[in-house]
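Take a look at the structure set out below.
The values are calculated or read from the model by the stated rules, or taken from the named source; none is laboratory data. This structure is a prediction, so every number in the text was calculated from the model and none was measured. Note that we place each Cβ from the backbone using ideal geometry, even for glycine, and neighbour counts take in every protein chain shown. Ligands, DNA and RNA are stripped out before the accessible areas are found, and what is left, the full protein with its side chains, is counted by its heavy atoms. Shrake-Rupley method; radii C 1.70, N 1.55, O 1.52, S 1.80 Å.
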Amino acid sequence: GEYVFDHSWANAWHRAGGEYYPKAQVAVPFSPVPGRRLMLDPSLEDADQANAFSALAGGAIKATDAMQLSSLHITFLTDVEATTLGKDDPRWIMRQGLQFHWQNNGFQDFDDFLGLMASRKRKTIRRERRDAAAGLTYQRLTGDDIKPHHWDAFYRFYMATIEKKWGGAYLTRDFFDTIGQSMADRILLVMAADNGRMIAGALNFIGEDTLYGRNWGCAEERPFLHFETCYYQAIDFAIERGLKTVEAG
């Protein structure tokens, strides 16, 4: 299941006397990054592109019916794909969501960013960061600084989030070793610790000009721990690296 929207769909299906799972899902695995979902040969002429698109969409529906699945979902597709699907077949229903993105307007540091805000909001965020730092230390780890014991701790945090959010633990412990070995220089792992004991973490991926926040978890609750670990530390990092955007996930 998906954290954000599957609860309401599954509950509605159950109240109607049906079973929501299993369903069909077309997506980039585990990552809410928008992009093309029905893959076409770009060298095709416009008319052939349209025909191929309709064939793919229709084939997906037929496959869903053949497997007796409850429904077919295509998520984080392009605007053109979404509009075309709705025109081709009225069975496609548009569901729109909202992501919050932080934009770096050439800030020199976090205080420079706060300078855009009214005094009351600046004071609120500074107080939140001060309270989040009480008794804790935060590390922003990339590359060779990420060690197996960091992944051990983060996997525990990830599982804790799964238990709280009614999701599925589709990422294995081996997955984190794999990305640590293959793309550690593209990873930002933010870890919060209390006297050396890690209590929370957030996993981010570093793109060309964007920092993508993806998973987080904690072993215990602390005031403002979530925002500091997932958002404020990510913004600090983006400013230091000159990244244009933070997509928190």
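Points worth noting:
- Principal-axis tilt of helix 46-66 within the chain, Cα atoms, nearest 10 degrees: 90
- The local environment of Gly106, defined by Cβ-Cβ distances under 11 Å, has a net charge of 0 under the rule Lys, Arg +1 and Asp, Glu -1.
- For the chain, size of Cβ-based charge dipole, Lys and Arg +1, Asp and Glu -1, in debye: 1000
- Fully extended contour minus Cα-Cα distance, from Glu221 to Tyr21, at 0.36 nm per residue: 68.8 nm
- Top positive-direction residue, dipole computed over segment 10-124 with Cβ charges, set Asn51, Ile61, Met117: Met117
- Normalised per residue, the volume of the convex hull around the Cα set of segment 14-159 (Å³): 275
- Compared with the alpha-carbon gap, the fully stretched path from Leu114 to Asp145 is longer by 8.2 nm at 0.36 nm per residue.
- Its Cα centre serving as origin, segment 61-131 has a Cβ charge dipole (Lys and Arg +1, Asp and Glu -1) of approximately 580 debye.
- From most to least packed by mean Cβ count within 10 Å, the peptides 153-159, 138-144 give 153-159, 138-144.
- Nearest-0.05 FRET efficiency for Asp209 and Thr137, computed from C-beta distance (R0 41 Å): 0.90
- The chain, Cα convex hull volume normalised per residue, Å³: 175
- Charge context of Pro148, other residues only, Cβ under 15 angstrom, K/R +1, D/E -1: -2
- Cα-based helix-to-principal-axis angle, 79-88 vs the chain, degrees rounded to 10: 20
- Packing, taken as the mean count of other beta carbons within 10 Å per residue, orders the peptides 104-117, 194-207 from highest to lowest as 194-207, 104-117.
- Solvent-accessible surface of segment 145-249, averaged per residue with a 1.4 angstrom probe and all protein chains in place: 46 square angstrom.
- Debye, to nearest 20: dipole size of segment 46-173, +1 on Lys, Arg Cβ, -1 on Asp, Glu Cβ: 980
- Net charge in the neighbourhood of Asn195 (other residues with Cβ under 14 Å of its Cβ; Lys, Arg +1, Asp, Glu -1) is 0.
- Placing unit charges on each Cβ (+1 for Lys and Arg, -1 for Asp and Glu) gives segment 90-249 a dipole about its Cα centre, and among Ala193, Gly143, Leu98 the Cα reaching farthest toward its positive end belongs to Leu98.
- Over segment 89-168 - Rg/Rh using Cα atoms and the Kirkwood inverse-distance radius: 1.11
- Projected label distance in nm at Ile179 and Asn11, using a 7 Å step from Cα toward the beta-carbon: 2.9
- Residue-wise HN-Hα coupling along segment 139-144, computed from phi with Karplus coefficients 6.51, -1.76, 1.60 (Hz; x: Gly, Pro): 10, 10, 10, 9, x, 5
- CD proxy at 222 nm, helix term only [per DSSP H run n ≥ 4: -39500 (n - 2.57); per residue of the chain; nearest 500]: -12000 deg cm²/dmol
- Entry note: segment 10-84 has Rg to Rh equal to 1.04, where both radii use alpha-carbon atoms and Rh is the Kirkwood radius.
- Once the gyration tensor of the Cα atoms in segment 121-249 is diagonalised, the equivalent ellipsoid follows with semi-axes of 22, 19, 14 Å, ordered largest first.
- The convex hull of the Cα atoms of segment 167-241, projected and averaged over all directions, covers 6.0 nm².
- Accessible surface ranking for Lys87, Lys147, 1.4 angstrom probe, highest first: Lys87, Lys147.
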